[in-house]
Amino acid sequence: MRLPLDKEYIIIGDVHGCIDELKLLLAHQGLETDKNNLIELTEENKHKAIVLLGDFIDKGSEEKIQETIEFIYRNYKHLNQQEQHFYLILGNHESMVYRYINNDNSLKITPKSIENKRKYYNTVALLEKNELLKKQFIELYHYCQPYFYYNYNKDFSITLTHAPCSEKYLRKEDIPSSKKMVKCVSRSSHPNLPLDELLPYTHTEAKDNKNYHIFGHLSQLDIRQYKNKICIDTSAIYGRDLSCAIVKKDILNFYSVPFLNKQEAGTQNYSKLFDF
């Protein structure tokens with residue numbers, strides 16, 4: 001799951017149906033869409049590639065979620081015809097929606113789980129009434145990987161996962177490690193516990209070097225960084241920004257676009273990461 005070193009990577013945080021913001025962010029990085037909603041590779045941008053950090057579905061409106069799935073599906077196919085220019089990391093929302101639409105027997109059906117399905121996984125209802133979109137989503141799910149690794153040299157590397165996790169799980173191929181890279185301990189189950197206490201490894205394992213771990217999942221008000229640990233989920237669907245990390249050789253930069261109010265923003269009670 002290594003990323004080739006000859007590309008410039010646009011690594012994008014949790015989209016959650018913010019398709020208009022995704023297109024704008026890509027356009028600002030030289031990856032504009034044409035009238036058919038396809039990103040055209042040119043001499044100027046063919047060295048670039050896109051990485052989505054997971055959770056491109058749920059929380060947005062059904063209309064925008066559908067647009068998001070269709071856009072990602074068509075461009076994943078389009079951009080990867082000859083060499084790969086589009087990569088997908090598995091998020092906990094893709095994982096859970098896949099389980100729901102496949103009637104996973106391990107899912108416990110309770111009043112609470114039914115409410116959570118409606119509240120947090122609204123893509124399920126959309127896919128249940130749109131068979132073509134369901135097939136597209138399932139195909140995208142199978143393209144998703146738990147991590148990607150960009151290893152430029154011993155002094156500069158980036159591990160990409162959806163969720164933060166302890167270093168002992170990073171880049172491991174076993175199922176338990178993969179699950180840790182997709183979802184960390186539930187914040188909703190510990191609503192009064194600060195993130196830095198709930199996920200202590202995010203700072204206790206942080207190192208003052210350029211072997212970065214970049215993740216999303218935690219819906220912050222801005223990009224949060226402590227040493228080599230970086231969260232780029234900046235809460236687009238909650239009316240904030242959609243952010244990306246840009247990696248070119250051994251240089252790391254960041255860029256954000258604001259929520260465009262093309263759909264209703266959600267609400268969120270924030271617990272700040274690296275709040276010290």
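Every read-out reported here was derived from the displayed coordinates using simple, explicitly stated rules and does not represent laboratory data. All of these numbers come straight from a predicted model, not from anything done at the bench. All Cβ positions, even for glycine, are placed from backbone atoms using ideal geometry, and neighbour counts span all protein chains on display.
Is it the case, given these coordinates, that E94 is in a loop (DSSP other than H, G, I, E, B), closer than 19 Å to I50 by Cα and of a type in the set (D, E)? It would help to see each step written out before you state the result.
Working: in a loop (DSSP other than H, G, I, E, B): no; closer than 19 Å to I50 by Cα: yes; of a type in the set (D, E): yes.
No; evaluated as a whole, the condition is false for this residue.
When the range 59-69 is examined, which residues are found to be surrounded by fewer than 24 Cβ atoms within 10 Å (Cβ to Cβ), of a type in the set (D, E, K, R) and either touching a helix residue (DSSP H, G or I) at 6+ places or on another chain (Cβ under 7 Å) or closer than 23 Å to K183 by Cα (or both)? Across the range 59-69, the qualifying residues are E62, K64, E67. Collect the residues in the range 193-226 that are of a type in the set (D, E, K, R), farther than 28 Å from G17 by Cβ and touching a residue at least 24 places away in the same chain (Cβ under 8 Å), keeping them in residue-number order. If the condition is that a residue be of a type in the set (D, E, K, R), farther than 28 Å from G17 by Cβ and touching a residue at least 24 places away in the same chain (Cβ under 8 Å), then D196, E205, K210 are the ones that fit.
Residue count for the range 1-52 under the criterion of being surrounded by fewer than 21 Cβ atoms within 10 Å (Cβ to Cβ), aliphatic (A, V, I, L, M) and either in a strand (DSSP E or B) or touching a residue at least 60 places away in the same chain (Cβ under 8 Å) (or both): the result is 4. Of the set (1) of a type in the set (A, V, I, L, M); (2) touching a helix residue (DSSP H, G or I) at 6+ places or on another chain (Cβ under 7 Å); (3) touching a residue at least 40 places away in the same chain (Cβ under 8 Å), all apply to V247 but (2).
If you scan the range 198-214, which residues turn out to be in contact with a strand residue (DSSP E or B) (Cβ under 6 Å, 6 or more places away or on another chain), under 18 Å from V182 (Cα atoms) and outside any strand (DSSP E or B)?
So in the range 198-214, the residues in contact with a strand residue (DSSP E or B) (Cβ under 6 Å, 6 or more places away or on another chain) come out as 202-203, 206, 210-214.
Going one step further and asking which of them are under 18 Å from V182 (Cα atoms), we end up with 202, 212-214.
The answer is T202, and nothing else.
Here the range 73-87 is the region considered, the condition is being closer than 18 Å to K46 by Cα and in contact with a helix residue (DSSP H, G or I) (Cβ under 8 Å, 6 or more places away or on another chain), and the residue that is surrounded by the most Cβ atoms within 10 Å (Cβ to Cβ) is H85.
Assigned to a loop (DSSP other than H, G, I, E, B), out of contact with any strand residue (DSSP E or B) (no Cβ under 9 Å at 6 or more places or on another chain) and touching a residue at least 24 places away in the same chain (Cβ under 8 Å): is that true of R171 in this structure? When the stated conditions are applied, R171 does not pass them.
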